[in-house]
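What follows is calculated from the coordinates using simple rules that are stated; it is not laboratory data. Note that the coordinates shown come from a computational prediction; the quantities given were computed from them, not determined experimentally. Cβ coordinates were reconstructed from backbone atoms using ideal geometry, including for glycine residues, and neighbour counts include every protein chain displayed.
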Amino acid sequence: MVMTTEEADEIKEHLLKQLDNFPEDKRNDLKKKINSMNEEEIENFVQQNNLKHLGGQCIFCEIFSGKKSSIKVAENNLSIAILELNPLSKGHILIVPKEHSNTLLDPIDDMANQISNKLKEKFNPIEVRRNELEIMGHKLLEVIPIYGGESVRHTATNEELVRLKEELLSPPKSSDIKGLINNPRIPKFPPRIP
Ligand SMILES: [Zn+2]
């Protein structure tokens with residue numbers, strides 16, 4: 001997830017402000033270095049140095065505060081599930097705790113299980129993988145359906161994401177229910193003979 005130029009600029013500004021605490025000789029070198037970084041380098045720098053909450057710049061906290069939009073597919077009092085904007089596969093979802101923390105709380109598993117089951121029911125993947133991530137000090141969990149052959153992420157269009165949300169949240173089709181009734185694995189009781 002590469003940040004926008006705007007976000008990178010805000011972080012740069014924040015980093016440059018921090019330089020006031022550095023000795024004069026080091027300050028100028030660091031200033032040059034920070035100013036020359038592109039978005040990706042800034043993001044890596046932030047991740048490598050485990051910089052937390054740069055003046056409220058955490059993208060996930062911005063989602064909770066309403067500063068940034070997201071496509072939400074589930075929510076409870078502890079976390080939300082949102083669609084990944086650069087998915088590896090159809091149904092790639094991020095489960096984000098509402099609290100900015102570098103540790104994952106157990107209750108997040110409930111939502112992860114709920115989402116995994118939904119993905120299995122709707123899209124029939126081979127498996128659903130989970131992967132812990134930490135972005136700008138905010139720990140979260142990725143839930144990724146695997147259909148086989150996934151290798152690169154792509155940038156999803158807004159229409160694609162909206163359609164995916166609809167598909168994911170739609171009630172089961174009547175054909176699914178019929179399939180279940182006619183499922184030979186469900187034992188039928190013999191007709192009652194009086
Ligand atoms: Zn955060």
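Quick notes on this structure:
- H14 versus F123: modelled label distance in nm, points set 7 Å from Cα along the beta carbon direction: 3.0 nm
- About its Cα centre, the stretch 66-172 has a charge dipole of approximately 220 debye under the convention of +1 per Lys or Arg Cβ and -1 per Asp or Glu Cβ, with nothing else charged.
- Between the amide H of R129 and those of I144, I146, distances stay under 5 Å, these residues lying 5 or more places away or on another chain, with hydrogens modeled in the peptide plane.
- Exposure proxy ranking for R192, R27, based on other Cβ atoms within 10 angstrom of each Cβ and starting from the fewest, stands as R192, R27.
- Listed pairs K68/K122; K12/K32; K12/K33; K98/K139 exceeding 19 Å between Cα atoms: K68/K122
- Counted by Cβ distance under 11 Å from K90, the other residues give a net charge of -2, where Lys and Arg count +1 and Asp and Glu count -1.
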